[in-house]
1. Looking for something within 17 Å of A:PHE186 (Cα to Cα) and among the acidic types (Asp, Glu) - is there at least one such residue anywhere in the range B:84-95?
2. Residues that are outside any helix (DSSP H, G or I), under 30 Å from A:THR164 (Cα atoms), within 10 Å of chain A (Cβ to nearest Cβ) and not charged (D, E, K, R): does the range B:19-26 have at least one?
3. Return only the number of the condition from (1) more than 9 Å from chain B (Cβ to nearest Cβ); (2) buried (at least 20 other Cβ atoms within 10 Å of the Cβ); (3) not small (Gly, Ala, Ser) that A:ASN213 does not satisfy.
4. Inspect the range B:3-16 for any residue being within 7 Å of another protein chain (Cβ to nearest Cβ), without any contact (Cβ under 8 Å) to a residue 60 or more places away in the chain, out of contact with any Pro (no Cβ under 8 Å at 6 or more places or on another chain) and among the aliphatic types (A, V, I, L, M) and give the result as yes or no.
5. Do the conditions hold for B:ALA49, that is, is it small (Gly, Ala, Ser), in contact (Cβ under 8 Å) with a residue 40 or more places away in the chain and buried (at least 17 other Cβ atoms within 10 Å of the Cβ)?
6. Hey, could you check the range B:64-102 for residues that are outside any helix (DSSP H, G or I), without any contact (Cβ under 8 Å) to a residue 60 or more places away in the chain and more than 17 Å from A:GLY247 (Cβ to Cβ) and say which is nearest to the chain's Cα centre (by Cα)?
7. May I ask you to say which residue of B:GLY55, B:GLY60 is at positive phi and more than 16 Å from the chain's Cα centre (by Cα)?
8. In the list B:ALA49, B:ALA73, B:ALA29, which residue meets the criterion of being aliphatic (A, V, I, L, M), at the interface with another protein chain (Cβ under 9 Å from one of its Cβ atoms) and closer than 16 Å to A:TYR192 by Cβ?
Amino acid sequence: MNYENLYSSLSLIQPEITISVFLLLIVVADLIFDKNKALIPFLALAGLIIASVQVILQVTNTGYAFPFSDVYLSRKGMVTVDAFGAFFKLIIIISSFILVYFSYVSDEIKKSEKNLGEYYALIFGMILGMFFLSSASDLILIYVALELLSLSSYVLAGFSKLRTRNSEASLKYLIYGATSSGLMLFGISIFYGLSGTTNLYEINTFLASHQINHLTLSFASILIFAGIGYKISSVPFHFWTPDVYEGAPISITAYLSVASKAAGFALLVRFIKSAFVTSDDSLGYWEILSVFDWHSLLILVSILTMTLGNLTALWQNNIKRMLAYSSIAHAGYMLLGVAVLSNQGLVAVLIYFFFYLFMNLGAFFIVMLIANKTGSEEIDDYNGLGYTSPFLGVALTLFMVALIGLPPTAGFIGKLYLFIALVDAQMITVAIIALLNTVIALYYYIRVLKHMFLTKSTVETQTVSVIRPNIIFIIFMLAPVLIFGVYFGPVVDFAKRCVQILGL
Amino acid sequence: MQVELTHFLVVSTLLFSMGVFAIVTRKNAILVLMGIELMLNAANINFVAFSKFGGFGLSGQVIALFVIILAAAEAAIALAIVLNIYKTFSNVNVDEINNLKE
């Protein structure tokens, strides 16, 4: 055993180590401070702060951790630490910070306060799974990380047992999740049988140098895509999304729609890039192996995903359900960026995701504040809310406008870079379909605004008063959405810097 | 008769198909979970058979161990969730638990 190797590997996975240590600390603190749970959120915050510093350092400090130098030919390891993974880890960390505040405010979580220790421990389990997912370069590590993420989120989806819909959400999440991870594992076993290894780089070398049965490989690739598609909720693996998003506590819904989707996208991009791409050409387009046509599959799936998401969102009356379908549609847009299979498309995905984080979490936060007060998530109950609580109304309007993708919000910039990437790659037809989808999306987002500002309520609308910390928090969420809409240079530069994936 | 790789693959594919069939057709949540276990075990047979007949060393068998552990963890969580469902709905039929539909 080479100890020097081990130490350098361990120093590369510092954020993961921090998260694991704090997971254990939270469990212990939960046992020690049996009566007083107020300490636990702060412990979680401390862990997140340390991990975020370590993640930021990873943008420059890159390398391969845990190489198998004795068995395999290359020295590329199980975990690849690079700027691309660091970008997604940063997104996960930021949404975790927001989630801690979310849970602090949420009534649903407050009512089950005696289980707060388990709640944060499971969230840290999720974070650990997502961190490994965004930097894993070995199929088995991918499977283990995916299960760690899934198992924690099944429980969290049914965390507050106040309403029957929580348990229903967790059962549906469990059945769909376990099935797709079973499919994925079978695909991994076929990959292993074909190439004799589970390391993505080894698979790449093998596929490039050997003749293999294309049918078998396509079957295995589609099975693996089933597992990934479930995480990013793409058609046809999206059936769980509306039910789970509606049934789960709002804080968890918001987290699932951003963080676990980010991990899924990181996994998808790394899987394609590491296992199937041989080199970048001068314009940044990826030379992909001809063994499996990822381009057509991704285009087909993304068009289906966004069209179905947008069309079904049109007749939703529950706002959480509507946001669930809208998040399916957004996954479709981002899949298009991956389908371009170029560095430019990838930059567009990164930018889009960074903005999507703020606008989606912001919208969910306001929905939660309103649900805390009125106990309802039906869009009909939002009638006249824009006048009784103008601050919330205006803030929700801005988030919705950003989700549609209208200027001057950040959502517009995200969509703009995506469409530029599509047009540059000569995918005009696809760009037009995506544009038409944006127009459909306009209808259901505006419908919420119509209810808030134009429809007179038959019963008296309750006033939702907002306490000062919440106002500051909402402004904190609104600021990036508005500022990056006009001053987006830094984000674009950062995304361009983070697009380099190690391993070619 | 010599037992070849093909025999193992036929068994694992049959097992996998039976697992998928069980998930799609069964109504009882426990039986659905059994279907999922069948899928995982089909993949396990593949791993072990490939590592034995392909000469890939022991890695396939180690992977199978990982999968067994994860399957146990998943079963534990799944049964807890099903128990919770039984307490709220007093049955565990997947098609009757559909309050969350528009």
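1. No; the residues of the range B:84-95 include none that is within 17 Å of A:PHE186 (Cα to Cα) and among the acidic types (Asp, Glu).
2. Checked against the condition, which is being outside any helix (DSSP H, G or I), under 30 Å from A:THR164 (Cα atoms), within 10 Å of chain A (Cβ to nearest Cβ) and not charged (D, E, K, R), the range B:19-26 yields no hits at all.
3. (2)
4. No; the residues of the range B:3-16 include none that is within 7 Å of another protein chain (Cβ to nearest Cβ), without any contact (Cβ under 8 Å) to a residue 60 or more places away in the chain, out of contact with any Pro (no Cβ under 8 Å at 6 or more places or on another chain) and among the aliphatic types (A, V, I, L, M).
5. Yes.
6. B:ASN91
7. B:GLY55 is the lone residue from the list that is at positive phi and more than 16 Å from the chain's Cα centre (by Cα).
8. Testing whether each residue is aliphatic (A, V, I, L, M), at the interface with another protein chain (Cβ under 9 Å from one of its Cβ atoms) and closer than 16 Å to A:TYR192 by Cβ leaves just B:ALA49.
All of the numbers you see were taken from the coordinates with simple rules; none came from a lab. This one's a predicted model, so the numbers in the text were calculated from it and none came from an experiment. Methodologically, a virtual Cβ is constructed for each residue, glycine included, from the backbone with ideal geometry; neighbour enumeration extends over all protein chains shown.
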